[in-house]
């Protein structure tokens, strides 16, 4: 049975994590509106929310050994593309929510890529190569080394990729 503090840590982690993502979305909008000072403020507070979320997650015991973390990440990605997103795609289609359907479809396809990357890392974490990754800002497609000329998931061109080193 969970204590109140354990429940509070999980709730705080979720809230801080969501705040981080919201503030980053707000920062993008502020940039689109050429409100660069506000965008920087949103990004700074988003970074602080990440500090809070990570601390709560660690204190709650959410971080294990790397092999355990890889297995948990792989399981999560597999759940998303096998169960969660297919149902969400179906619901969006049924409700005629085309933008949501596309968003869920992109995420579903990319979660398969993430699962494959985690599975590869699990084979031998100590020999897993150090490399830069490129992520498509449209759909999240993730690839090591070089960005493709065209995203295989959403069709975006190479310029849509950003480097994560």
Quick count over region 134-162, residues being more than 20 Å from residue 116 (Cβ to Cβ) and surrounded by fewer than 12 Cβ atoms within 10 Å (Cβ to Cβ), is 4
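For region 71-81, state whether one or more residues are loosely packed, with under 14 Cβ neighbours inside 10 Å and assigned by TED's automatic domain parsing to the domain that holds residue 115.
To start, the set of residues in region 71-81 that are loosely packed, with under 14 Cβ neighbours inside 10 Å comprises 75, 79.
From what's left, assigned by TED's automatic domain parsing to the domain that holds residue 115: 75, 79.
Checking region 71-81: at least one residue is loosely packed, with under 14 Cβ neighbours inside 10 Å and assigned by TED's automatic domain parsing to the domain that holds residue 115.
With within 18 Å of the chain's Cα centre (by Cα) and buried (at least 18 other Cβ atoms within 10 Å of the Cβ) as the only criterion, which of 107, 100 stands out?
107
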Log entry, pairs with first residue in region 110-126 being on the phi > 0 side of the Ramachandran plot, second being modelled with pLDDT under 95 and surrounded by fewer than 19 Cβ atoms within 10 Å (Cβ to Cβ), beta carbons closer than 9 Å, six or more apart or on different chains, reads none
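The values are calculated or read from the model by the stated rules, or taken from the named source; none is laboratory data. Note that the structure is predicted; figures quoted are calculated from it, not measured. Because the Cβ atoms are built from the backbone with ideal geometry, glycine has one as well, and the counts that use them run over all protein chains shown.
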